[in-house]
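Worksheet for the structure shown next.
Bear in mind these aren't lab numbers, they're just calculated from the coordinates by the rules spelled out. Small disclaimer: the values here were computed from a predicted structure and weren't measured. Counting neighbours? That spans all protein chains shown, and the Cβs are built from the backbone with ideal geometry, glycine included.
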Amino acid sequence: MHNLVKWLIGFVLIIAIALLIASMYFFHVAQVRDIAANQPDTLRSKSNPLYHYESTFLARPKQTWHETSNDGLKLDAWYVPAADKTNKTAILAHGWHNNKTTMAIYGELFHELGYNVLIPDNRAHGDSSGKMIGYGWLDRRDYIKWLNQIITKNGQNSDIIMYGMSMGAATVLSTSGEPDLPKQVKAVIADSSYTSVLDEVKHEAGNMYNLPWFPMVNIVSGISKVRAGYFYGEASPLKQVAKSTRPTFFIQGGADTFVPTAMVYPLYDALHAPKKLWIGKGSEHVQSFHDHPVAYRQQIQSFLKQYDQ
């Protein structure tokens, strides 16, 4: 009996150690800065339907703006003034392991719609400092600072819209629920946000690794709390949307399996403000603009015409 107890204790310890090692690995993959996030995107070919947007925006003269986060990180952004002087500015948020070059296609879209464009590198991405990825949760406070910088530089009569894709969509949705969101923010556009980091990581445990999410995701979430300052359940665009008062346009790919299409519906339902939903037919993750470039632009233009005049 004594040997059996010793054997069981040893077995449990081995399992616990294996779970901890695996969890540390998955935390590193998911949440620690990756060198790929520092590199400019590979440019699209001339045959790509978005080549015009990307090449035109990247060729435009840019200002570099800087900000310092509440925890002392140095943040970097591109600013491109509109062709004609305006008080309208679009702030754009990129996705996981991307950077501001990823947003060139959207930068040109909003520039052509008459907006000044500000594109930050989120913490732990691009030219911004930081080691821990914020998944939109830590970034929401960084974006409050960017919004206030826009108002300081462009005036109290600034008219601001927030746009984000994937993790960037989670960023702008999370920012929209902050109690000190500047009144100058008029509307939000979110393309392919997850409902929470917890929901997304649980989904990816099965979708990418064919693993049960329990108990590993809970352990990884605990590591995140120690290393980055937040549990995955805290990082919830869904809870933030429920507090938002801004008109919001939700976009999702109809064939998205990375952030499942189904996640958009509880986000849409949670908002108690003017809202719009558009599903890019047959589109995978953040591919609605690529697959439906004319309709995507028209949908955004129609939303802005209604809520940002």
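Placing pseudo-labels 7 Å out from each Cα toward the beta carbon at Arg297 and Tyr25 gives an inter-label distance of 4.6 nm. Summarising the overall dimensions of segment 196-257 from its C-alpha atoms, the Rg and Dmax are 14.0, 39 angstrom.
Enumerate the lysines that Lys202 could reach by cross-link, defined here as Cα to Cα under 25 Å, with residues fewer than 8 away along the same chain left out. Partners within reach: Lys131, Lys225, Lys239, Lys243.
Across all directions, the average flat footprint of the convex hull enclosing the Cα atoms of segment 45-113 is 5.9 nm².
At q = 0.08 Å⁻¹, what is the base-10 log of I(q)/I(0) for the chain according to the Debye formula with one equal point scatterer per Cα and no solvent? Please give it to two decimals. For the chain at q = 0.08 Å⁻¹, log10 I(q)/I(0) is -0.36.
Between the alpha-carbon centers of segment 33-97 and segment 155-191, tell me the distance in whole angstrom. Here the answer is 16 Å between Cα centres. Taking 51 Å as R0, compute the FRET efficiency from the Cβ-Cβ separation of Ser55 and Lys225 and round it to 0.05. In this case the efficiency is close to 0.75. Our summary of shape: the Cα atoms of segment 177-286 have principal axis extents of 40, 37, 18 Å, ordered from largest down, in whole angstrom.
Projected over every direction and averaged, the convex hull enclosing the alpha-carbon atoms of segment 61-154 yields 5.5 nm². Highest GNM mean-square fluctuation among Thr257, Thr102, Thr89, for the chain modelled with Cα contacts below 10 Å: Thr257. The order of Met132, Met165, Met208, going from fewest to most other C-beta atoms within 10 Å of their C-beta, is Met208, Met132, Met165. Largest mean-square fluctuation among Thr171, Thr64, Thr195, in a Gaussian network model of the chain whose springs join Cα atoms under 10 Å apart, belongs to Thr64.
Annotation: Cα Rg of segment 117-180 relative to the compact-globule expectation 2.2 N^0.38 Å equals 1.10.
A simple rule links phi to the HN-Hα coupling: the Karplus curve 6.51 cos²θ - 1.76 cosθ + 1.60 with θ = phi - 60°, which for segment 229-242 gives x, 8, 6, 5, x, 5, 7, 10, x, 4, 5, 5, 4, 5 Hz, with x for Gly and Pro.
Straight-line cross-link partners of Lys46 among the lysines, defined as a Cα under 28 Å from its Cα and at least 8 positions apart when in the same chain: Lys62, Lys100, Lys281. Residue separation of Gln63 and Asp180 scaled by 0.36 nm, minus their Cα-Cα distance, works out to 39.4 nm of gained length. Dividing the alpha-carbon radius of gyration of segment 111-257 by the rule-of-thumb value 2.2 N^0.38 Å gives 1.10.
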